[in-house]
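What follows is one structure encoded as structure tokens, with my remarks underneath.
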There are 2 protein chains.
Amino acid sequence: MDGLTEKKKSSQELFKGRIVHLFLDKVLLPNGQESTREVVKHPGAVAIIAVDEDGKLLLVRQYRYPLDSIIFEIPAGKLEPGEDPDDSARRELEEETGYQCREMKKIASFYSSPGFSDELLHIYFTDSLIKKGEQHLDQDEFLEVRAVDLEEAIRMAEDHRIYDAKSIYAVQFMQLRALRH
Amino acid sequence: MDGLTEKKKSSQELFKGRIVHLFLDKVLLPNGQESTREVVKHPGAVAIIAVDEDGKLLLVRQYRYPLDSIIFEIPAGKLEPGEDPDDSARRELEEETGYQCREMKKIASFYSSPGFSDELLHIYFTDSLIKKGEQHLDQDEFLEVRAVDLEEAIRMAEDHRIYDAKSIYAVQFMQLRALRH
């Protein structure tokens with residue numbers, strides 16, 4: 001025993017929606033006591049740091065219902081069942097922005113909120129955008145594309161127009177990239 | 001109309017747990033169609049980038065049930081009802097690590113996963129740790145404290161021992177800080 005691990009005693013499915021799959025589990029704690037854990041299972045997601053030929057970062061402006069506000073984020077989306085994250089990243093980039101790319105590489109993966117969810121985000125980078133077609137949005141998806149330079153992205157993070165974890169990560173990544181090049 | 005905003009038609013509470021408060025809402029989309037939104041309401045949380053007198057970053061090693069694995073994170077915790085995030089950050093730092101600090105400042109806030117949750121994370125920084133007491137953990141909380149230098153933190157992010165959004169943010173923050181100083 002490592003003195004940290006918890007052991008599942010039972011699991012109850014409470015809700016299965018389009019995104020959220022909620023479970024309430026009983027667990028055995030390291031000290032032998034019982035507790036409960038609420039777990040939101042999630043299919044995982046991809047997000048893309050996409051830099052255009054002018055060195056600008058692509059953002060999508062989107063209403064987020066849980067926040068009741070419009071924010072700017074890097075292009076992103078949920079994994080489809082069985083979909084490879086690499087394919088998902090190219091699909092989401094094209095659907096949300098109309099851009100394809102020659103090369104794209106995965107630069108990081110991280111959990112959004114490991115206290116209650118298993119949502120894993122895969123972050124990709126591309127600076128070889130090759131063509132602008134049309135957006136192909138989901139039926140219930142509405143967003144606008146904008147390209148901003150690094151200074152503008154930093155300002156947008158400071159004043160909370162950019163306001164979510166993956167997009168703040170992207171701004172930091174771009175800052176580190178600029179300081180190294 | 002901005003062509004992006006969605007309007008709530010009705011809201012159904014599905015589950016109220018210790019962390020997760022789940023709602024299923026009907027919404028009116030910008031195009032006049034209806035859709036549903038799953039929303040996990042969350043009290044918000046704080047996380048602390050705490051640097052000790054040797055310049056090392058404090059991490060807590062903790063089992064995360066939703067991932068079924070042990071990862072290293074920066075100290076963090078949920079807001080108590082009505083609690084000011086500044087107070088929460090000092091409380092969580094002391095509870096999880098036994099450290100207090102002279103000064104602490106908020107450096108960022110961001111949403112963990114704005115597609116389905118309103119969880120807002122407030123990130124604090126301190127490099128004026130003043131005293132090491134005892135941990136005061138919650139009854140169902142088990143963790144170990146470790147201080148690592150920046151090179152080690154970068155390696156830990158690369159090999160996924162550090163594997164969550166707020167802690168990856170912390171590693172990039174420390175990298176940017178080192179490059180500027």
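Given the whole protein assembly as supplied and a 1.4 Å probe, what does the accessible area of A:K16 come to in Å², nearest 10?
140 Å²
How far apart, in nm, are the 7 Å Cα→Cβ label points at B:R180 and A:F15?
Label-label distance for B:R180 and A:F15, simple model: 4.0 nm.
In nm, to one decimal, how far is the A:D140 label point from the A:K105 one, both placed 7 Å along Cα→Cβ?
With each label placed 7 Å out from Cα toward Cβ, I get 3.8 nm.
Among A:P85, A:I154, B:P30, whose Cα projects farthest towards the positive end of the dipole of the protein assembly as shown, with charges put on the beta-carbon of Lys, Arg (+1) and Asp, Glu (-1)?
B:P30
Compute the relative contact order of chain B as a whole-number percentage, counting only Cα pairs closer than 8 Å that sit 6 or more residues apart in sequence.
Normalised by residue count, the contact order of chain B is 21 percent.
Of all alpha-carbon pairs in segment A:33-133, indicate the percentage at a distance above 22 angstrom.
Of the Cα pairs, 36 percent sit more than 22 Å apart.
Per-residue accessible area for B:R180 at 1.4 Å probe radius, Å² rounded to 10?
Answer for B:R180: close to 140 Å² accessible.
Take peptide A:68-80, look around each residue's Cβ out to 10 angstrom, count Cβ atoms belonging to other protein chains, and average those counts. Spell out each step's value before the answer.
On the way: counts 4, 3, 3, 3, 0, 3, 0, 0, 2, 1, 2, 0, 0.
Average neighbour count from other chains, rounded to a whole number: 2.
What's the average, rounded to a whole number, of partner chain beta-carbon atoms within 10 Å of each residue's beta-carbon in A:173-181?
The mean count of partner-chain Cβ atoms within 10 Å per residue comes to 2.
At 222 nm, what value in deg cm²/dmol follows for chain A if DSSP H runs of at least 4 each add -39500 (n - 2.57) and the sum is divided by all its residues, to the nearest 500?
That comes out to -6500 deg cm²/dmol.
Residue by residue, what Karplus-based ³J(HN,Hα) values in Hz, rounded to whole numbers, does segment A:39-44 have, using 6.51, -1.76 and 1.60 with θ = phi - 60° and x for Gly and Pro?
10, 9, 7, 9, x, x
On the accessible surface of the protein assembly as shown, probed at 1.4 Å, how many percent belong to carbon and sulfur atoms?
Carbon and sulfur atoms account for 44 percent of the accessible area of the protein assembly as shown.
Determine the principal axes of the Cα atoms in segment B:131-181, then give the extent along each, sorted from largest to smallest and rounded to whole angstroms.
39, 27, 16
Provide the per residue accessible area, probe 1.4 Å, for the protein assembly as shown, rounded to a whole number of square angstrom.
On the way: 16890 Å² over 362 residues.
Per residue, the protein assembly as shown has 47 Å² of solvent-accessible surface.
Between A and B, buried accessible area summed over both sides at probe 1.4 Å, in Å² to the nearest 100?
Counting both chains, the buried surface is close to 5900 Å².
Please report Rg (one decimal) and Dmax (integer) in Å for the Cα set of chain B.
18.8, 59
Taking the square root of 5 times each eigenvalue of the Cα gyration tensor, what semi-axes in Å does the equivalent ellipsoid of segment B:9-62 have, largest first?
On the way: eigenvalues 325, 46, 10 Å².
For segment B:9-62, the semi-axes come out at 40, 15, 7 Å.
For segment B:173-181, in order, what is each residue's ³J(HN,Hα) by Karplus, 6.51 cos²θ - 1.76 cosθ + 1.60 with θ = phi - 60°, in whole Hz (x at glycine and Pro)?
After applying 6.51 cos²θ - 1.76 cosθ + 1.60, I find 4, 5, 5, 4, 5, 5, 5, 8, 9 Hz.
Quote the charge dipole size of chain A about the Cα centre in Debye, to the nearest 20; the model charges only the Cβ of Lys and Arg (+1) and of Asp and Glu (-1).
On the way: 25 positive and 35 negative charges, 104 e Å.
Dipole about the Cα centre, nearest 20: 500 debye.
So which aspartates and glutamates can B:K132 reach, going by Cα to Cα under 15 Å and dropping same-chain residues fewer than 8 places off?
Within the straight-line limit of under 15 Å, B:K132 reaches these aspartates and glutamates: B:D52, B:E53, B:D54, B:E92, B:E94, B:E95, B:E96, B:E144.
What residues qualify as long-range amide H neighbours of A:S69, i.e. H under 5 Å apart, gap of 5 or more or another chain, H built at 1.01 Å from N?
The list, which skips near neighbours in sequence, is A:R64.
If you take all C-alpha pairs in segment A:78-168, what percent of them are over 17 Å apart?
61 percent
Indicate the gyration tensor shape class of the protein assembly as shown (rounded, prolate or oblate), computed on the Cα atoms with a ≥ b ≥ c the square roots of the eigenvalues: a/c under 1.5 is rounded; otherwise a/b larger than b/c is prolate and the rest oblate.
oblate
Under the definition of partner shielding as Cβ atoms of other protein chains within 10 Å of a residue Cβ, what is the mean value for peptide B:33-42?
For peptide B:33-42, the averaged partner shielding equals 5.
The values are calculated or read from the model by the stated rules, or taken from the named source; none is laboratory data. Computed from a predicted structure; not experimentally measured. Quick reminder, even Gly has a Cβ in these numbers, built from the backbone with ideal geometry, and neighbours come from all protein chains shown. These area figures cover heavy atoms from the full protein model, side chains too; ligands, DNA and RNA do not enter into them. Shrake-Rupley method; radii C 1.70, N 1.55, O 1.52, S 1.80 Å.
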